[in-house]
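S.K.: Sharing a structure here in structure tokens format.
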Amino acid sequence: MSKKVLGNSPVSESGFPKVLEEFRYKYNENGELRHIETDERFIFYVKPDDFHYNQSHYEALEAVGKYIEEQLVSSYKLIKKDIPLDSTQPKSRIYCSDDYDTCSTLLLLMQGSGVVRPGQWARQVVINESLELGSMFPYIKKARELGWGVLIFNPNENFGDVIKDGEIVDQRPIKGSESPLQHTLYVWDNFIRSVKSDHILMVSHSFGGISTTALLDRREKEFKSLVKRVAFTDTVHSAGNIPTHSKDWFMENTKNWIKSERPLDTPVQDANGYFGCRCISAGHPKHEYTSGTAIESVFEFLKGKLENETIEPDISQAQQTETQVMESESLQKSNMDDSQQTNPAVLQGQLENDVIHEQETSEIHQYGNNGSEHSDGFGTTQPSSSGTEDNKIKNAL
């Protein structure tokens with residue numbers, strides 16, 4: 001059955017506002033989301049005895065994502081490019097600087113899975129903490145100050161509305177973005193492979209690591225020729241996801257800033273074997289914060305390649321023994337996500353349990369708990385979360 005497009009109406013079909021200001025929230029000068037009248041942070045338990053209402057109220061904060069995307073254009077001067085490039089409906093979008101295809105150095109930014117859209121690393125953090133820690137804004141700003149071009153992926157928007165005569169008549173997979181990996185390949189083939197950059201650098205967070213390793217597998221020669229370094233921020237890939245033909249390249253040109261209570265940049269050598277690359281502390285024990293807290297270290301690593309700096313791996317790929325993998329599994333058990341340990345009752349104003357509120361990939365970030373060897377990420381995201389446990393995991397990805 002068709003339904004009318006709501007267009008510029010400030011209220012969504014759920015009855016909640018679509019515009020942040022109509023939600024009575026705004027970002028202050030410190031990038032913190034505050035209530036316009038009370039200056040309080042976002043409160044999840046609006047109605048203490050009505051979890052369904054509270055959850056719907058929280059989900060309606062997609063208005064935050066819209067605000068962030070507006071800022072990508074208005075404040076950071078990025079260009080929105082609709083995809084696919086032909087006239088096919090429905091559409092998705094990516095964002096890039098006006099010089100992305102002509103700049104000397106291009107920075108690619110890849111978020112994780114779930115509800116995060118372009119410009120976000122972690123929705124939980126941009127709502128409960130700040131844009132400085134949870135958005136891509138600091139990365140974009142720093143890259144532009146260095147004279148680098150920027151391109152931001154949008155791997156999680158896999159379905160969209162087909163509109164005819166002002167009405168939504170269908171919902172279909174988005175051509176070229178049917179899954180996170182299909183999107184990654186489409187953007188690579190249509191935007192990245194032909195750029196004139198001498199150096200392409202990449203930052204991938206969470207499930208972005210899966211898409212990155214799969215891209216390396218499927219576009220090996222191009223990828224290794226163009227991409228000089230990849231910085232991972234607590235990605236959920238494992239050594240099994242790294243294609244055999246590129247394990248040495250991976251060890252030499254990537255680094256993973258993982259969640260840890262250890263100080264920033266502290267080597268976490270017992271995780272190297274599991275991830276197949278050098279691992280260091282992101283300086284924060286929570287998955288969602290790692291991109292924000294590691295930014296200075298990440299840029300030093302990326303800039304090092306431009307200065308012909310070489311990485312001296314702590315261990316070679318050949319030395320990654322079964323013992324090290326077992327040690328990584330032991331580390332995982334002692335470093336479980338808070339989302340698996342926290343009682344929802346303590347989430348007031350913090351929403352620390354992503355599994356309940358937004359199904360971000362921290363719920364599957366468990367060392368040694370990857371059931372598939374060389375997962376390719378081709379599973380198509382479905383609009384419904386019904387099905388087996390395996391299907392639920394695929395839907396979350």
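The values are calculated or read from the model by the stated rules, or taken from the named source; none is laboratory data. Just so you know, these numbers come straight off a predicted model, no measurement behind them. Ideal geometry is used to build each Cβ from the backbone, glycine not excepted, and the neighbour counts take in all protein chains shown. Side chains are part of the model used for accessible areas, which takes the heavy atoms of the whole protein and leaves out ligands, DNA and RNA. Shrake-Rupley method; radii C 1.70, N 1.55, O 1.52, S 1.80 Å.
S.K.: Suppose each label sits 7 Å from its Cα in the direction of the beta carbon; what would the Val46-Val73 distance come out to in nanometres?
M.R.: Roughly 2.6 nm, to one decimal.
S.K.: Give me the accessible area per residue for segment 15-79, probe 1.4 Å, as a whole number in Å².
M.R.: Ligands and nucleic acids excluded, the result is 55 Å² per residue.
S.K.: Of all alpha-carbon pairs in segment 217-299, indicate the percentage at a distance above 15 angstrom.
M.R.: Numbers: 1859 of 3403 pairs.
Looking at segment 217-299, the distances longer than 15 Å represent 55 percent of pairs.
S.K.: Given R₀ = 45 Å, FRET efficiency for Ser194-Leu264 by Cβ-Cβ distance, to 0.05?
M.R.: 0.75
S.K.: Let me ask something else. Taking only protein heavy atoms into account and a 1.4 Å probe, give the accessible area per residue of segment 83-187 in Å².
M.R.: Counting only protein heavy atoms, the per-residue value for segment 83-187 is 31 Å².
S.K.: Enter the Cα centre distance for the pair segment 139-173 and segment 202-278, rounded to the nearest angstrom.
M.R.: Between the Cα centres of segment 139-173 and segment 202-278 lies a distance of 24 Å.
S.K.: If Rh is defined by the Kirkwood formula over all Cα pairs and Rg also comes from Cα, what ratio Rg/Rh do you get for segment 143-215?
M.R.: Result: Rg/Rh = 1.08.
S.K.: Toward the positive end of the charge dipole of segment 95-249, about the Cα centre and with charges on Cβ (Lys, Arg +1; Asp, Glu -1), which of His183, Asn156, Ala143 goes farthest?
M.R.: The listed residue farthest towards the positive side: Ala143.
S.K.: Quick one: how many Å² of Glu145 are accessible to a 1.4 Å probe, rounded to 10?
M.R.: Glu145 exposes around 130 Å² with every protein chain in place.
S.K.: If I model a spin label as a point 7 Å beyond the Cα along the Cα-Cβ vector, how far apart are those points for Arg93 and Leu146 in nm?
M.R.: Label at Arg93, label at Leu146, 2.7 nm between them.
S.K.: For segment 143-292, compute Rh as the Kirkwood radius over C-alpha pairs and then the Stokes-Einstein diffusion coefficient at 4 °C and 1.567 mPa s; write the answer in µm²/s, rounded to an integer. If you can, show how the numbers build up before the last one.
M.R.: Numbers: Rh = 16.8 Å.
So the translational diffusion coefficient is about 77 µm²/s.
S.K.: Okay, next question. Hey, how much of the P(r) for segment 181-267 falls beyond 15 Å, as a percent of Cα pairs?
M.R.: The proportion of pairs with Cα distances above 15 Å equals 58 percent.
S.K.: If you consider only alpha-carbon coordinates, what radius of gyration and Dmax does segment 52-209 have, in Å?
M.R.: 15.9, 51
S.K.: Given the pairs Lys196/Lys221; Lys66/Lys221; Lys175/Lys255, which span a C-alpha to C-alpha distance of over 25 angstrom in this model?
M.R.: Over 25 Å Cα-Cα: Lys66/Lys221; Lys175/Lys255.
S.K.: Another question, if that's okay. Taking amide H atoms as placed 1.01 Å from N in the peptide plane, list the residues 5 or more away in sequence, or in a different chain, whose amide H sits under 5 Å from that of Ser92.
M.R.: Answer set, sorted by chain and number: Ile83.
S.K.: Give me the percent of the accessible area of segment 96-189 that comes from carbon and sulfur atoms, probe 1.4 Å, all protein chains in place.
M.R.: Exposed carbon and sulfur together represent 42 percent of the surface.
S.K.: Let me ask something else about it. Suppose the chain between Glu37 and Lys66 were pulled fully straight at 0.36 nm per residue; how much longer would it get relative to their current alpha carbon spacing?
M.R.: Answer, rounded to one decimal: 8.3 nm.
S.K.: Quick check for you: with a 1.4 Å probe and neighbouring chains kept, what is the accessible area per residue of segment 264-305, in Å²?
M.R.: Numbers: 1130 Å² over 42 residues.
So segment 264-305 comes to 27 Å² accessible per residue, rounded to a whole number.
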